[in-house]
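A.B. asks: Here you go, one structure.
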Amino acid sequence: MDHDRNEQNTPSSSAPLPEEELWAAERMVEALIFAAEQPLSVKEIEERLPRPVDVKMVLHRLTAFYEGRGIALVQVAGGWQFRTASDLAFLLRREDHERRRLSRAALETLAIIAYHQPVTRAEIEEIRGVSLSKGTLDLLLEAGWVRPAGRRKTPGLPLEFRTTDEFLSHFGLNSLEDLPGLAELKAAGLLDSLEEALARMEEEAAEKDAIRTAEKKETTDVPPEAGT
């Protein structure tokens with residue numbers, strides 16, 4: 001009898017919760033995510049609930065419930081968060097633009113770090129083709145979108161930089177794999193000069209390879225001196 005009673009008290013994925021308990025679980029998960037300043041992972045939600053619940057199933061139901069509404073439940077930075085529906089983002093764009101106004105130099109620097117991380121200051125300058133002002137990196141660090149990622153084990157021990165979870169959250173990305181392609185960013189007019197810089201680097205590298213190949217060929221083709 002005790003064995004049977006224990007089995008009845010153990011949560012089972014094959015035995016769904018009664019609708020009333022499921023509704024209560026949805027309300028609790030909904031409240032936790034709404035009140036959180038940062039995206040919450042499944043594990044974090046589970047730890048804050050008063051009793052065991054199939055959180056993934058609850059999240060699935062909430063996602064379906066909010067589909068098509070003014071806000072959506074989405075995965076960002078490895079967690080879950082309520083966001084303005086993507087088709088209504090234009091309503092808040094002006095406020096967001098005024099709150100965090102990035103210069104073109106800062107946008108390009110952020111894109112370089114995002115796509116080439118970990119990356120050093122010298123590498124950023126090499127890709128952009130111009131020196132990087134201290135204020136540009138400071139702005140990205142203060143915004144919380146970029147962080148130091150240790151020092152590279154090369155001469156001079158240069159500091160490396162990576163993007164943060166706050167970067168993923170702000171731009172609505174669940175992981176770095178969700179970053180748009182460079183072609184998409186160029187179509188949006190954000191990376192014209194960056195693409196030119198990358199193309200210039202590729203051309204310079206090709207020219208250097210051609211020069212080295214030619215020099216090597218000249219060395220091997222030198223005729224032997226007379227009398228030898």
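Rule-based calculations on the coordinates, nothing more; no lab input. As the structure is a prediction and not an experimental result, all values here were calculated from the model. All Cβ positions, glycine included, derive from the backbone under ideal geometry; neighbour counts span all protein chains shown.
A.B. asks: Treat the count of other C-beta atoms within 10 Å as a stand-in for reagent exposure and order Thr136, Thr84 from fewest to most.
C.D. replies: On the way: Thr136 20, Thr84 14.
Least crowded to most crowded, the residues run Thr84, Thr136.
A.B. asks: Another question, if that's okay. Suppose the chain between Arg69 and Asp87 were pulled fully straight at 0.36 nm per residue; how much longer would it get relative to their current alpha carbon spacing? Please report the intermediate quantities before stating the final value.
C.D. replies: On the way: separation 18, 0.36 × 18 = 6.48 nm, distance 1.03 nm.
Result for the pair: 5.5 nm of gain on full extension.
A.B. asks: Just order 137-149, 49-61, 105-117 by mean Cβ neighbour count inside 10 Å, highest at the front, would you? Mind showing how you got there, number by number?
C.D. replies: Working: 137-149: 16.8, 49-61: 15.0, 105-117: 19.8.
Ranked by mean Cβ neighbours within 10 Å, highest first: 105-117, 137-149, 49-61.
A.B. asks: In which sequence would Ser131, Ser175 go, from the one with the fewest C-beta neighbours within 10 Å to the one with the most? Present the calculation step by step, with values, prior to reporting the outcome.
C.D. replies: Working: Ser131 9, Ser175 12.
Ordered from fewest to most neighbouring Cβ atoms within 10 Å, Ser131, Ser175 come out as Ser131, Ser175.
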